[in-house]
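Visitor: Pasting in a structure now, in structure tokens, and then I'll have a few things to ask.
Laboratory data are not the source of any read-out in this text; all were calculated from the coordinates shown. The model shown is predicted, which means the values in this text are computed figures rather than measured ones. Quick reminder, even Gly has a Cβ in these numbers, built from the backbone with ideal geometry, and neighbours come from all protein chains shown.
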Amino acid sequence: MRGRYAALSMLALAAGVGGGISLERLYFNPAEKAGGAGPEILYWVAPMDPNFRQPGPGKSPMGMDLIPVYAGQEPTGDPAEVTLSAAEINAIGVRTALAQMSETSHRIETVGFVGYDEHSTSHVHTRVDGWIEVLNVRAVGDQVRKGDVLFELFSPEFGIASFDFLRASEAGVGLSGEAARNKLRSHGATEHQIAEIEKTGEVARRIRVEAPRDGVVIGLAAADGMFLQPGTQAVSIADLSSVWLIVDVFERDIARITDDMRAIARFEHLPGRTFEGTIDYIYPELDPQTRTLPVRLRFDNAEGLLRPNMFGTVSLVSPDARMALTVPSEAIIRTGTAERVILRTGEGTFVPRLITAGLRDNFGEGGRTEVLQGLAPGEEVVASAQFLIDSESALSAGLMRMAPTDEAPAQGSGELIALDREARVATIRHGALESLDWPAMTSRFPVRANVALDRLEPGTQVTFRAARGADGLLGLMELGMDDGIAATGTGTVIAVTAEGKLTLSHDPIAELGWPAMQMDMPVAGFDPESVPVNAPIEFDLSKGDDGLFTIVAVRADGVEPSPVMPKTTASEPTAASAPAIVVMGTIEAIDEATRKATITHGPIIEIGMPGMTMEFATEASLDLTLVPIGVEAELTFARPDGMTMILQALEPSAPPLEVSGTINSIDPDAGMANITHGPLIEIGMPGMTMDFPVHDSVDTAWLPVGSEITLLLQRNPDLSMSLIGTREHEVQQ
């Protein structure tokens with residue numbers, strides 16, 4: 001008995017342990033349950049903050065239930081990427097479409113009405129007075145064939161004429177036979193009826209009036225027993241195998257109309273059907289009421305589907321069509337400053353892409369937009385609900401990738417496929433442009449005027465930098481061979497400086513827009529001491545990320561010195577001018593006799609020229625007596641031949657602001673000073689305590705802290721101010 005109870009107790013204990021384990025797995029460890037029944041759960045995140053992660057379920061800091069992230073659904077690391085589940089895609093109605101090559105051309109959209117082709121319309125009149133005795137055509141719309149008898153007209157005049165014809169033919173009296181025959185013709189008798197009269201020898205009382213063409217009766221004034229005169233339009237017949245369609249073209253489109261344009265018509269009652277016609281006639285004057293120009297189109301109507309007075313929409317298409325990449329117009333998101341689409345990159349994943357759009361809605365089947373840059377054929381774009389995805393992407397990324405600018409251009413490399421030197425357009429098969437999130441594709445880029453194209457040929461590997469212009473197109477601000485060499489020049493090394501630079505007197509370098517000059521150039525990849533001094537050399541220049549150039553190779557053997565080019569003065573400009581250059585610098589000295597100025601300037605990023613001191617010619621219009629010496633100024637250099645730099649104008653920098661104040665503390669590492677200053681009357685700023693950046697030229701170790709002094713503040717272009725010096729208070733006597 002006691003053994004039986006022991007056995008039952010052990011069974012109950014085992015059942016309890018098993019039930020507890022099952023309960024724990026089912027209710028207290030759902031991740032384990034989910035892992036066994038479906039995809040593995042990697043971690044749990046907050047619905048409103050994906051950065052808040054937990055290894056198991058729970059609550060977010062906002063009190064919301066955490067949601068699982070399954071294997072395969074983890075973010076890729078791109079903050080602009082949006083991931084949606086199948087249920088979410090279905091709920092917001094996401095539809096996608098492919099970017100595809102379509103035939104594009106300029107077109108004019110208009111409307112019009114179908115009408116009879118008046119060139120294929122006939123009106124039937126009698127040539128003598130008479131009465132209708134036999135009427136074969138009874139209603140408008142009746143089909144007739146050419147030669148069918150429309151009606152028979154009793155005419156006394158015709159009876160007399162037929163009697164005279166028979167008498168002249170048989171007896172040879174009265175009118176001659178031919179004159180009698182002509183009289184019957186003038187009364188409207190056909191050759192067939194005249195031959196019948198001649199054959200039977202009987203006087204004809206009625207004229208048979210026949211249909212002049214195949215067609216449809218569109219007008220009927222004749223009736224049984226009706227008296228007709230030549231002025232009565234008895235029957236009208238039109239051939240509907242071809243029809244006209246009269247459309248109205250707005251004044252703004254008149255200049256684009258040409259006689260060889262194709263006309264494509266669509267009608268609501270014939271969905272999916274299009275009819276192609278031609279321009280038959282362009283009317284000479286506008287409708288004074290609608291201010292539109294009528295244009296007559298001709299369409300084939302062998303099937304009889306087009307009926308007069310039908311309303312249709314018409315597209316007049318230019319014959320100059322071309323193939324271009326297009327997407328549905330509704331897929332493009334226009335923000336006023338940029339255009340982008342939402343790409344489907346995977347199962348439930350979407351990312352925004354910056355593009356440049358071209359022709360819109362007026363080509364092909366309509367409703368599509370040309371994409372000039374940013375997409376490749378076959379890429380899948382979102383055509384509906386893209387605004388919801390774009391807003392989610394903007395929330396996730398904080399700010400979408402900005403369009404490249406001159407200060408932050410997009411960089412890439414690839415193969416030069418085609419180069420139109422006159423139009424300055426380069427077609428490049430390039431790799432992925434990460435800054436734009438563009439995949440590898442072939443793109444056409446306009447090239448800026450100051451980019452040299454002499455060394456470039458199709459088929460060469462190139463590197464480029466691109467920036468977006470006001471027209472939305474990415475233009476190339478730099479384009480060169482992908483050999484690391486930006487330009488090659490010739491000249492003579494004068495000396496090697498203590499810093500390891502080459503003091504070089506070089507000839508003009510057209511590729512960079514550099515005139516002949518002497519300058520100190522940094523070197524890389526070789527020992528500057530190995531370069532022959534005072535001997536002609538050829539050197540290669542490479543452009544760094546800072547936009548400045550470095551000599552990377554020097555060749556001395558077999559290089560002939562380049563001919564010295566005459567220096568261009570201000571009074572001798574050449575035709576190939578280039579945009580002016582603006583740089584900060586200081587006038588060190590002026591030679592009024594030669595009109596030369598010795599100038600120390602900073603780096604000129606536009607042409608990659610480092611800062612240096614050298615002589616420049618000056619414009620004849622510049623009054624040298626008013627030029628300040630030793631004062632930093634904004635210098636403007638003209639480039640009349642694209643290389644020679646001539647001082648054209650200068651604007652001295654604004655004097656520093658002076659204000660009383662105290663330096664409270666200095667952070668040498670950050671280059672900042674905490675300052676309490678009095679009111680700045682010049683700019684209307686009240687006294688306050690704030691941090692100011694310390695100019696690089698100021699040694700922070702010598703700045704007095706805790707003493708009231710006169711502070712010298714420089715106003716920067718971004719409206720901020722920097723501390724450029726101090727001065728002790730002057731003691732008033």
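Visitor: If R₀ is 22 angstrom, what is the calculated FRET efficiency for the pair D260 and H119, using the beta carbon separation as r and rounding to 0.05?
Guide: The value I calculate is 0.65.
Visitor: Expressed in nm², what is the orientationally averaged projection area of the convex hull enclosing the Cα positions of region 302-344? All intermediate terms of the calculation are to be shown ahead of the outcome.
Guide: On the way: hull surface 28.5 nm².
Spelled out: convex hull of the Cα atoms, projected over all directions, averaged, 7.1 nm².
Visitor: For the residue pair E457 and I485, what label-to-label distance in nm results when each label sits 7 Å from Cα along the Cα-to-beta-carbon direction?
Guide: 1.4
Visitor: Given 0.36 nm per residue, what is the gain on full extension from S707 to E157 after removing their alpha carbon distance, in nm?
Guide: Stretched fully, the S707-E157 segment lengthens by 184.7 nm.
Visitor: Can you give the extra length, in nm with one decimal, that the chain gains between D669 and L305 once fully stretched, where that is 0.36 nm per residue apart less the Cα-Cα distance?
Guide: 122.5 nm
Visitor: Another question, if that's okay. For V371, which sequence-distant residues (separation of 5 or more, or a different chain) have an amide H within less than 5 Å of its own amide H, given hydrogens modelled in the peptide plane?
Guide: When sequence neighbours closer than 5 places are left aside, the close amide H contacts are L325, T326, V327, G358.
Visitor: With a point put 7 Å past each Cα toward its Cβ, work out how far R213 is from E615 in nm, to one decimal.
Guide: For the pair R213/E615, the computed spacing is 9.0 nm.
Visitor: Calculate the FRET efficiency for K146 and T200 from the Cβ-Cβ distance with a Förster distance of 25 Å, rounded to the nearest 0.05.
Guide: 0.50
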